[in-house]
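Here's the structure, in C-alpha coordinates; my notes come after.
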Amino acid sequence: RAGAAPVAATVRRFAAVLPIAAQALAAVDAGPLGDSGDAVAAGGALVYLAMALAERSRAFGALATLASQLAFVLWSQDQDPGLLPATAVLPGALGATMLVLAQLYGERLGASGRRTTRLLGGLLLFVPGALTIVSHLGGDDARFALLFGVLCLVGVIAGTLLRVRAYLFLGGLFLLLDIGAHVAHAGLRDQRVGFALMTVLGLGILGTMAAVTLRREAAQRLARRLADTLRTWD
(Lines give C-alpha, C1' and ligand atoms only; values in the text may rest on other atoms or scores of the structure.)
Protein backbone atom coordinates (compact mmCIF):
# COMPACT_ATOMS: atom_id res chain seq x y z
CA ARG A 1 0.00 0.00 0.00
CA ALA A 2 2.99 2.33 0.47
CA GLY A 3 3.98 2.03 -3.17
CA ALA A 4 7.07 -0.17 -2.76
CA ALA A 5 6.43 -2.69 -5.54
CA PRO A 6 8.98 -5.37 -4.48
CA VAL A 7 7.73 -5.32 -0.89
CA ALA A 8 4.11 -5.39 -2.00
CA ALA A 9 4.69 -8.39 -4.26
CA THR A 10 6.49 -10.25 -1.46
CA VAL A 11 3.67 -9.53 0.99
CA ARG A 12 1.07 -10.77 -1.52
CA ARG A 13 2.95 -14.03 -2.05
CA PHE A 14 3.46 -14.50 1.68
CA ALA A 15 -0.22 -13.83 2.41
CA ALA A 16 -1.20 -16.34 -0.28
CA VAL A 17 1.10 -19.10 0.97
CA LEU A 18 0.81 -18.65 4.76
CA PRO A 19 -2.73 -20.10 5.24
CA ILE A 20 -1.90 -23.02 2.92
CA ALA A 21 1.24 -23.82 4.93
CA ALA A 22 -0.65 -23.58 8.23
CA GLN A 23 -3.38 -25.89 6.87
CA ALA A 24 -0.75 -28.40 5.74
CA LEU A 25 0.74 -28.41 9.26
CA ALA A 26 -2.72 -29.00 10.72
CA ALA A 27 -3.37 -31.83 8.25
CA VAL A 28 -0.23 -33.73 9.24
CA ASP A 29 -0.96 -33.22 12.95
CA ALA A 30 2.17 -31.20 13.57
CA GLY A 31 2.35 -29.42 16.89
CA PRO A 32 -0.56 -27.50 18.41
CA LEU A 33 -2.33 -27.08 15.05
CA GLY A 34 -3.22 -30.74 14.71
CA ASP A 35 -6.67 -30.63 16.34
CA SER A 36 -7.79 -27.26 15.01
CA GLY A 37 -7.95 -27.63 11.24
CA ASP A 38 -11.27 -25.83 11.03
CA ALA A 39 -9.96 -22.87 13.07
CA VAL A 40 -6.83 -22.68 10.91
CA ALA A 41 -8.97 -22.69 7.75
CA ALA A 42 -11.22 -19.99 9.19
CA GLY A 43 -8.18 -17.87 10.03
CA GLY A 44 -6.87 -18.36 6.51
CA ALA A 45 -10.24 -17.25 5.14
CA LEU A 46 -9.99 -14.03 7.16
CA VAL A 47 -6.47 -13.40 5.86
CA TYR A 48 -7.59 -13.92 2.26
CA LEU A 49 -10.66 -11.76 2.81
CA ALA A 50 -8.55 -8.92 4.20
CA MET A 51 -6.21 -9.14 1.22
CA ALA A 52 -9.15 -9.28 -1.20
CA LEU A 53 -10.61 -6.09 0.27
CA ALA A 54 -7.25 -4.31 0.46
CA GLU A 55 -6.14 -5.31 -3.04
CA ARG A 56 -9.61 -5.51 -4.63
CA SER A 57 -8.47 -8.91 -5.89
CA ARG A 58 -10.82 -11.55 -7.26
CA ALA A 59 -8.11 -14.19 -6.78
CA PHE A 60 -7.87 -13.53 -3.05
CA GLY A 61 -11.68 -13.47 -2.91
CA ALA A 62 -11.77 -16.92 -4.49
CA LEU A 63 -9.16 -18.18 -2.01
CA ALA A 64 -11.20 -16.73 0.86
CA THR A 65 -14.26 -18.60 -0.40
CA LEU A 66 -12.39 -21.91 -0.68
CA ALA A 67 -10.84 -21.51 2.79
CA SER A 68 -14.17 -20.62 4.41
CA GLN A 69 -15.91 -23.63 2.86
CA LEU A 70 -13.06 -25.88 3.96
CA ALA A 71 -13.45 -24.52 7.49
CA PHE A 72 -17.19 -25.22 7.37
CA VAL A 73 -16.69 -28.80 6.14
CA LEU A 74 -14.04 -29.54 8.80
CA TRP A 75 -16.22 -27.99 11.51
CA SER A 76 -19.29 -29.95 10.41
CA GLN A 77 -17.45 -33.25 10.90
CA ASP A 78 -17.50 -32.67 14.67
CA GLN A 79 -21.21 -31.81 14.77
CA ASP A 80 -24.27 -33.99 15.26
CA PRO A 81 -25.10 -35.79 11.96
CA GLY A 82 -28.76 -35.08 12.62
CA LEU A 83 -28.05 -31.37 12.34
CA LEU A 84 -25.45 -31.41 9.55
CA PRO A 85 -25.54 -34.68 7.56
CA ALA A 86 -22.45 -35.29 5.42
CA THR A 87 -24.60 -36.02 2.35
CA ALA A 88 -25.75 -32.40 2.37
CA VAL A 89 -22.63 -30.64 3.71
CA LEU A 90 -20.13 -31.54 0.98
CA PRO A 91 -22.37 -30.79 -2.06
CA GLY A 92 -23.65 -27.68 -0.29
CA ALA A 93 -20.12 -26.37 0.26
CA LEU A 94 -19.28 -26.98 -3.40
CA GLY A 95 -22.49 -25.26 -4.51
CA ALA A 96 -21.87 -22.23 -2.28
CA THR A 97 -18.34 -21.97 -3.69
CA MET A 98 -19.69 -22.00 -7.25
CA LEU A 99 -22.22 -19.28 -6.42
CA VAL A 100 -19.56 -16.98 -4.96
CA LEU A 101 -17.22 -17.59 -7.89
CA ALA A 102 -20.08 -16.79 -10.27
CA GLN A 103 -20.43 -13.43 -8.53
CA LEU A 104 -16.69 -12.74 -8.53
CA TYR A 105 -16.01 -13.77 -12.13
CA GLY A 106 -19.43 -13.02 -13.60
CA GLU A 107 -18.11 -10.57 -16.19
CA ARG A 108 -15.57 -13.07 -17.50
CA LEU A 109 -18.07 -15.92 -17.62
CA GLY A 110 -20.55 -14.00 -19.72
CA ALA A 111 -24.33 -14.04 -19.34
CA SER A 112 -24.91 -17.70 -20.28
CA GLY A 113 -21.94 -19.01 -18.29
CA ARG A 114 -22.94 -16.94 -15.27
CA ARG A 115 -26.52 -18.27 -15.35
CA THR A 116 -25.35 -21.87 -15.83
CA THR A 117 -22.88 -21.64 -12.95
CA ARG A 118 -25.52 -20.11 -10.69
CA LEU A 119 -28.04 -22.81 -11.60
CA LEU A 120 -25.61 -25.68 -11.00
CA GLY A 121 -24.34 -24.11 -7.78
CA GLY A 122 -27.86 -23.53 -6.52
CA LEU A 123 -28.88 -27.11 -7.28
CA LEU A 124 -25.82 -28.46 -5.47
CA LEU A 125 -26.61 -26.21 -2.53
CA PHE A 126 -30.32 -27.07 -2.21
CA VAL A 127 -31.06 -30.48 -3.78
CA PRO A 128 -29.03 -32.71 -1.36
CA GLY A 129 -30.60 -30.95 1.62
CA ALA A 130 -34.09 -31.32 0.15
CA LEU A 131 -33.50 -35.03 -0.49
CA THR A 132 -32.30 -35.43 3.09
CA ILE A 133 -35.48 -33.81 4.40
CA VAL A 134 -37.77 -35.91 2.19
CA SER A 135 -35.94 -39.18 2.96
CA HIS A 136 -36.27 -38.55 6.71
CA LEU A 137 -39.91 -37.47 6.53
CA GLY A 138 -41.67 -38.40 9.72
CA GLY A 139 -38.51 -38.45 11.83
CA ASP A 140 -38.26 -36.78 15.19
CA ASP A 141 -35.24 -34.54 14.46
CA ALA A 142 -36.45 -31.40 12.70
CA ARG A 143 -33.33 -29.29 13.32
CA PHE A 144 -31.91 -29.81 9.86
CA ALA A 145 -35.24 -28.92 8.24
CA LEU A 146 -35.28 -25.68 10.23
CA LEU A 147 -31.68 -24.92 9.26
CA PHE A 148 -32.47 -25.70 5.63
CA GLY A 149 -35.44 -23.33 5.74
CA VAL A 150 -33.19 -20.54 7.01
CA LEU A 151 -30.76 -21.26 4.16
CA CYS A 152 -33.58 -21.06 1.62
CA LEU A 153 -34.74 -17.77 3.12
CA VAL A 154 -31.19 -16.43 2.82
CA GLY A 155 -31.28 -17.42 -0.85
CA VAL A 156 -34.52 -15.51 -1.38
CA ILE A 157 -33.12 -12.42 0.34
CA ALA A 158 -29.86 -12.63 -1.64
CA GLY A 159 -31.80 -12.94 -4.89
CA THR A 160 -33.88 -9.89 -4.03
CA LEU A 161 -30.94 -7.73 -2.97
CA LEU A 162 -28.65 -8.79 -5.83
CA ARG A 163 -31.54 -8.89 -8.34
CA VAL A 164 -30.61 -12.43 -9.41
CA ARG A 165 -33.53 -14.57 -10.59
CA ALA A 166 -31.79 -17.92 -10.00
CA TYR A 167 -31.24 -17.21 -6.30
CA LEU A 168 -34.82 -16.00 -5.83
CA PHE A 169 -36.50 -18.88 -7.67
CA LEU A 170 -34.34 -21.67 -6.21
CA GLY A 171 -34.59 -20.30 -2.69
CA GLY A 172 -38.35 -19.85 -2.95
CA LEU A 173 -38.91 -23.28 -4.53
CA PHE A 174 -36.98 -25.19 -1.89
CA LEU A 175 -38.45 -23.05 0.90
CA LEU A 176 -41.91 -24.19 -0.22
CA LEU A 177 -40.65 -27.78 -0.30
CA ASP A 178 -39.29 -27.43 3.22
CA ILE A 179 -42.59 -26.02 4.49
CA GLY A 180 -44.47 -28.79 2.69
CA ALA A 181 -42.27 -31.38 4.39
CA HIS A 182 -43.10 -29.85 7.78
CA VAL A 183 -46.80 -29.94 6.94
CA ALA A 184 -46.59 -33.58 5.82
CA HIS A 185 -44.58 -34.41 8.94
CA ALA A 186 -47.24 -32.88 11.17
CA GLY A 187 -49.96 -34.76 9.27
CA LEU A 188 -48.15 -38.08 9.71
CA ARG A 189 -47.83 -37.56 13.44
CA ASP A 190 -51.48 -36.58 13.98
CA GLN A 191 -54.29 -37.23 11.48
CA ARG A 192 -56.41 -34.43 12.97
CA VAL A 193 -53.61 -31.94 12.30
CA GLY A 194 -53.26 -33.29 8.76
CA PHE A 195 -57.00 -32.93 8.15
CA ALA A 196 -56.99 -29.34 9.46
CA LEU A 197 -53.95 -28.36 7.40
CA MET A 198 -55.32 -29.88 4.19
CA THR A 199 -58.69 -28.19 4.78
CA VAL A 200 -57.07 -24.79 5.27
CA LEU A 201 -54.86 -25.34 2.23
CA GLY A 202 -57.81 -26.32 0.07
CA LEU A 203 -59.85 -23.32 1.19
CA GLY A 204 -56.87 -21.05 0.53
CA ILE A 205 -56.47 -22.38 -3.02
CA LEU A 206 -60.19 -22.03 -3.76
CA GLY A 207 -60.24 -18.52 -2.27
CA THR A 208 -57.25 -17.47 -4.39
CA MET A 209 -58.85 -18.86 -7.55
CA ALA A 210 -62.09 -17.03 -6.77
CA ALA A 211 -60.27 -13.73 -6.12
CA VAL A 212 -58.32 -14.04 -9.39
CA THR A 213 -61.52 -14.82 -11.30
CA LEU A 214 -63.37 -11.84 -9.83
CA ARG A 215 -60.49 -9.42 -10.39
CA ARG A 216 -58.91 -10.95 -13.46
CA GLU A 217 -57.69 -7.69 -15.04
CA ALA A 218 -56.01 -6.49 -11.85
CA ALA A 219 -54.35 -9.89 -11.39
CA GLN A 220 -53.12 -9.85 -15.00
CA ARG A 221 -51.69 -6.32 -14.61
CA LEU A 222 -49.90 -7.38 -11.44
CA ALA A 223 -48.50 -10.47 -13.16
CA ARG A 224 -47.27 -8.39 -16.13
CA ARG A 225 -45.57 -5.86 -13.86
CA LEU A 226 -43.88 -8.66 -11.94
CA ALA A 227 -42.72 -10.33 -15.16
CA ASP A 228 -41.39 -7.04 -16.55
CA THR A 229 -39.48 -6.39 -13.33
CA LEU A 230 -37.92 -9.87 -13.30
CA ARG A 231 -36.79 -9.48 -16.93
CA THR A 232 -34.48 -6.67 -15.82
CA TRP A 233 -32.81 -8.96 -13.28
CA ASP A 234 -29.69 -10.95 -14.09
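The values are calculated or read from the model by the stated rules, or taken from the named source; none is laboratory data. All figures in this text were calculated on a predicted structure; none of them were measured in a lab. Glycine also receives a Cβ, built like all others from the backbone with ideal geometry; neighbour counts cover every protein chain displayed. Just so you know, the surface numbers come from the protein's heavy atoms only, side chains and all, with ligands and any DNA or RNA stripped out. Shrake-Rupley method; radii C 1.70, N 1.55, O 1.52, S 1.80 Å.
Computed values, structure above
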item	result
Folded to 0 to 90 degrees: helix 86-104 orientation relative to the chain principal axis, Cα	80 degrees
Nearest-ten-degree value, helix 143-162 long axis tilted from longest Cα axis of the chain	80 degrees
Dipole magnitude (debye, nearest 20) for the chain, charges at Cβ of Lys, Arg, Asp, Glu	1360 debye
Heavy atoms of Asp78: accessible area, 1.4 Å probe, square angstrom to 10	120 Å²
Solvent-accessible surface (1.4 angstrom probe) belonging to Met51, in square angstrom, nearest 10	30 Å²
With every protein chain in place, the chain: carbon and sulfur % of accessible area (1.4 Å)	70 percent
Dipole magnitude of segment 53-175 about its Cα centre (Cβ charges: Lys, Arg +1; Asp, Glu -1), debye to nearest 20	720 debye
Helix axis angle, 106-135 relative to the chain longest principal axis, alpha carbon, degrees	60 degrees
Correct choice for volume of the Cα convex hull per residue in Å³ that was computed from the model, options (i) 145; (ii) 129; (iii) 202	(i)
Accessible area of the chain divided out per residue, in Å², using a probe of 1.4 angstrom	62 Å²
Accessible surface ranking that places the most exposed of Thr97, Thr213 first, with a 1.4 angstrom probe	Thr213, Thr97
